[in-house]
Amino acid sequence: MLRSCTAALRTLQALRGRREGVSPAARDPVLARRWFSTEKVIPKDHALPNPSWSKDLRLLFDQFMKKCEDGSWERLPSYKSKYTQKSEDFKTYFLDSKLVKEQLSQAQLFTRGYEDGLGFEYVIFYNDDEKRTVCLFQGGPYLQGVPGFLHGGAIATMIDAAVGMCAAIPGGIVMTANLNINFKRPIPLCSVVVINSQLDKIEGRKLFLSCNVRSVDEKILYSEATGLFIKLDPEKSLI
Ligand SMILES: CCCCCC/C=C\CCCCCCCC(=O)SCCNC(=O)CCNC(=O)[C@H](O)C(C)(C)COP(=O)(O)OP(=O)(O)OC[C@H]1O[C@@H](n2cnc3c(N)ncnc32)[C@H](O)[C@@H]1OP(=O)(O)O
């Protein structure tokens with residue numbers, strides 16, 4: 001069975017421990033054909049070490065992989081994502097789903113758009129009991145802002161992605177409504193930082209999260225953030 005289209009959502013669903021509604025394959029014959037085809041497309045999981053990873057990043061990765069052994073933590077795979085199950089679910093929120101499908105077939109995840117080591121190198125781990133994620137992030141040379149330091153937009157992007165995953169696992173289909181960041185210290189280019197995200201509360205469709213970005217030795221607090229994510233209303237179109 002074809003797995004490439006479903007990997008991202010399956011991970012989320014598995015972590016959430018439940019499946020909701022009718023399967024998209026049951027609704028979409030094209031997707032169903034793809035799922036049941038014998039063709040095997042194995043997408044590259046980018047949340048794994050590559051030669052550009054620094055010693056710091058590898059050491060932290062190994063430490064968290066150890067924590068995964070008893071099941072308390074889970075490494076979240078990450079794909080450039082041509083056309084994923086998540087896209088399929090999002091499709092229902094757009095008016096012209098055919099057009100969106102064509103566009104999505106070309107789309108790539110923003111944070112995975114660079115060659116290894118040049119942009120966003122990261123891996124996210126999730127702890128379901130504590131409803132929190134830890135993102136290990138090494139920002140490459142193409143993310144420069146002030147010379148020698150990471151661009152604030154790149155930091156915001158990575159915070160959004162990390163906090164977003166922390167919201168999406170319990171919340172399902174969510175979008176960022178508000179992201180508030182205090183940049184306290186500049187992050188040196190190519191250094192490794194740890195982005196800790198925490199789900200604080202859920203009120204109806206609203207998920208409130210907080211986040212901090214620290215150095216590997218935890219001595220430097222680079223940024224702090226809060227985020228509001230909204231679970232999308234299936235009755236409302238996004239556009
Ligand atoms: C993130 C999951 C992805 C999982 C996929 C895995 C793969 C890869 C991972 C990548 C992770 C990337 C993460 C990136 C996430 C993003 O950046 S999303 C892009 C940026 N965000 C947007 O473009 C959203 C634009 N806004 C909207 O579309 C809408 O405002 C909304 C959908 C957010 C909410 O609209 P609607 O559903 O109509 O809700 P409302 O009725 O308006 O509001 C509901 C309640 O929320 C309160 N609220 C809404 N917005 C705000 C706000 N900005 N601040 C404070 N409160 C807000 C609103 O008052 C309502 O509250 P009550 O119910 O009345 O109490």
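The values are calculated or read from the model by the stated rules, or taken from the named source; none is laboratory data. Just so you know, these numbers come straight off a predicted model, no measurement behind them. Quick reminder, even Gly has a Cβ in these numbers, built from the backbone with ideal geometry, and neighbours come from all protein chains shown. All accessible areas refer to the heavy atoms of the entire protein, side chains included, with ligands and DNA or RNA removed. Shrake-Rupley method; radii C 1.70, N 1.55, O 1.52, S 1.80 Å.
Couple of notes before you dig in:
- Qualifying residue in the stretch 142-162 (condition: more than 11 Å from the ligand (Cβ to nearest atom), on the phi > 0 side of the Ramachandran plot and open to solvent by 60 Å² or more (accessible area, probe 1.4 Å)): no
- Taken together, ILE181, ILE155, ILE159 contain a single residue that is closer than 18 Å to LEU221 by Cα, of a type in the set (Val, Ile, Thr) and not in a helix (DSSP H, G or I), which is ILE181.
- Selection status of VAL174, closer than 28 Å to PRO51 by Cβ and in contact with a Phe, Trp or Tyr (Cβ under 8 Å, 6 or more places away or on another chain): no
- Residue match in the stretch 183-191 (condition: under 17 Å from THR133 (Cβ atoms), β-branched (Val, Ile, Thr) and either open to solvent by 40 Å² or more (accessible area, probe 1.4 Å) or touching a residue at least 40 places away in the same chain (Cβ under 8 Å) (or both)): no
- Unique match (being open to solvent by less than 70 Å² (accessible area, probe 1.4 Å) and at pLDDT 95 or above) among ASN212, ASN178: ASN212
- Top-ranked residue in the stretch 174-198 [being within 16 Å of the ligand (Cβ to nearest atom) and out of contact with any Ser or Thr (no Cβ under 9 Å at 6 or more places or on another chain); ranked as nearest to PRO147 (Cα to Cα)]: THR176
- Failed condition for TYR79, given (1) open to solvent by 30 Å² or more (accessible area, probe 1.4 Å); (2) of a type in the set (Ser, Thr, Tyr); (3) at pLDDT 95 or above: (3)
- Some residue of the stretch 221-238 being away from the ligand (no atom under 16 Å from the Cβ), over 20 Å from the mean Cα position of the chain (by Cα) and within 28 Å of LYS67 (Cα to Cα): yes
- Pairs are defined by a Cβ separation below 7 Å, a sequence spacing of at least 6 or placement on different chains, a first member in the stretch 197-224 that is in a loop (DSSP other than H, G, I, E, B), and a second member that is surrounded by fewer than 16 Cβ atoms within 10 Å (Cβ to Cβ); the pairs so defined are ARG205/ASP233; ILE220/ARG185.
- Failed criterion for ILE202 (all others in (1) farther than 30 Å from PRO147 by Cβ; (2) buried (at least 18 other Cβ atoms within 10 Å of the Cβ) hold): (2)
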